[in-house]
1. So, in the stretch A:118-148, of the ones that are under 19 Å from A:Ser242 (Cβ atoms) and within 11 Å of the chain's Cα centre (by Cα), which residue ends up surrounded by the most Cβ atoms within 10 Å (Cβ to Cβ)?
2. Mind telling me which of the residues A:Asp151, A:Asp227 ends up being of a type in the set (Asp, Glu) and either at negative phi or under 17 Å from the mean Cα position of the chain (by Cα) (or both)?
3. Looking at (1) part of a helix (DSSP H, G or I); (2) within 13 Å of chain B (Cβ to nearest Cβ); (3) buried (at least 19 other Cβ atoms within 10 Å of the Cβ), find the lone condition where A:Ile219 falls short.
4. Can you tell me which of (1) hydrophobic (A, V, I, L, M, F, W, C); (2) under 18 Å from the mean Cα position of the chain (by Cα); (3) more than 15 Å from A:Cys113 (Cα to Cα) is the one A:Leu238 doesn't meet?
5. Please find, among A:Phe208, A:Phe236, the residue that is in the same structural domain as A:Gln280 (by TED's automatic domain parsing) and over 25 Å from A:Thr286 (Cβ atoms).
6. Evaluate the following for B:Lys68: is it within 11 Å of chain A (Cβ to nearest Cβ) and of a type in the set (Lys, Arg)?
7. Of the residues that sit in the stretch A:168-205 and are within 14 Å of chain B (Cβ to nearest Cβ) and in contact with a strand residue (DSSP E or B) (Cβ under 8 Å, 6 or more places away or on another chain), which one is nearest to A:Ser144 (Cα to Cα)?
8. Quick check on A:Gly297: is it modelled with pLDDT of 95 or more, within 14 Å of chain B (Cβ to nearest Cβ) and surrounded by 16 or more Cβ atoms within 10 Å (Cβ to Cβ)?
Amino acid sequence: MIGIADIAAYIPAGSESNFDKKDDFEIDDAFIRDKLGIERVSRKGADEETSDLCVRAFLALQQRSPVDIGVVDCLVVCTQNPDGFGIPHTSAVVHGKLAARDACAAFDIGLGCSGYVYALSVVSAFMAANGLKNGLLFTADPYSKIIDAADKNTVLLFGDGATVTLLQEVGAGARWLPRRFLFATRGAQGEAINNRSGRLQMNGRAVFNFSATLVPEQIRALLAAEDLPLAAVDRFLLHQGSKFIVDTLTARLGLAPEKVPIRLAQHGNTISSSIPLLLQDLLADTRLGTLVLCGFGVGLSWASAILRRV
Amino acid sequence: MDPLRNEVADLVQQTCKIPPIAAADYGKPLKAMGIDSLDAASIFLAVMERYGVAVADEQIELLNCVDKIADHIASQRP
């Protein structure tokens, strides 16, 4: 069985302070801290491509869990903001920059905020089905490429970042195993987050209504399918859309806030990277045995998973 | 006082976790009570769930106090 061995991340050093935008958008410190939960949004350098963010995440992984790139046989990038115009696929670019071997599958997965949960299922199943041993699952979706600096709905929220998850077999490094997944899509409302005009547009209220109603429903269904009570879950790692949406979901699910970590303040909503950014801090905590992940957003798409410690 | 207005006042107070709203303040702008755009989204979701009454995006700015929200519910609910 394939599971998560380790996770590393790269957050670009560049950033913009939301406190500097208070006058432009008529917001105050309390709104920034208590509602957005985002004090700064990270911004990649002008010369940094999506693949470069992935490479930096891989270098960070080398500091945590040295991996011989020569044994990597699967390399996947989850992004909707690929290098250039998407050809070649960003995973192939990363493959080249890391000098990975030819005998290595590489493909992209085009999903947003639900992407990590989907990709975890796709890649672990793909590896298991094909006898692959060492997988790298990257998330990197730098929205700064498409953000409208004058759009209050998006510019205060989204930050750039990348993560890499090392996937291996149990016995070869895997510490957490995915147990069960649920996936859902509501394409008819997909316009709520779109890039039709070359600039990101989001109907925040539509996304809020979708998230607040359908995410708790899916999490309850996921746990019911495993006959697992909410209280048996050690942590709920919810997509970090904003502090407000995480707080809302926490309240609507009736969860203890200490079971729902929030990590947003210094980089913002990093789309498919937000869940692995939370997860990397928890992997080594042996007090934890059961985690729930839930990503939701672009699509509209939402996906949840249960992880169990090996 | 119209019971619906009291219900809406309670709904706003509980949704936004603010102090109870006095009847004299039912016409007071929600913004003046510290309720921001995100709180408003929560209020209108709660209205939808409790009364089955939707609020279109273009109506949000207009429904800016307890009285106006209650009037909207009264005119729209099944």
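1. A:Thr139
2. Residue meeting the stated conditions: A:Asp151.
3. All conditions pass for A:Ile219, except number (2).
4. Evaluating A:Leu238 over (1) hydrophobic (A, V, I, L, M, F, W, C); (2) under 18 Å from the mean Cα position of the chain (by Cα); (3) more than 15 Å from A:Cys113 (Cα to Cα) leaves (3) as the failure.
5. Going through A:Phe208, A:Phe236 in turn, just one is in the same structural domain as A:Gln280 (by TED's automatic domain parsing) and over 25 Å from A:Thr286 (Cβ atoms): A:Phe208.
6. Criteria not met by B:Lys68.
7. Residue satisfying both the conditions and the ranking: A:Gln201.
8. For A:Gly297, the condition - modelled with pLDDT of 95 or more, within 14 Å of chain B (Cβ to nearest Cβ) and surrounded by 16 or more Cβ atoms within 10 Å (Cβ to Cβ) - is not met.
The values are calculated or read from the model by the stated rules, or taken from the named source; none is laboratory data. Remember, it's a predicted structure, so these values are computed and weren't measured experimentally. As a convention, Cβ positions derive from the backbone with ideal geometry for all residues, glycine included, and neighbour counts pool all protein chains shown.
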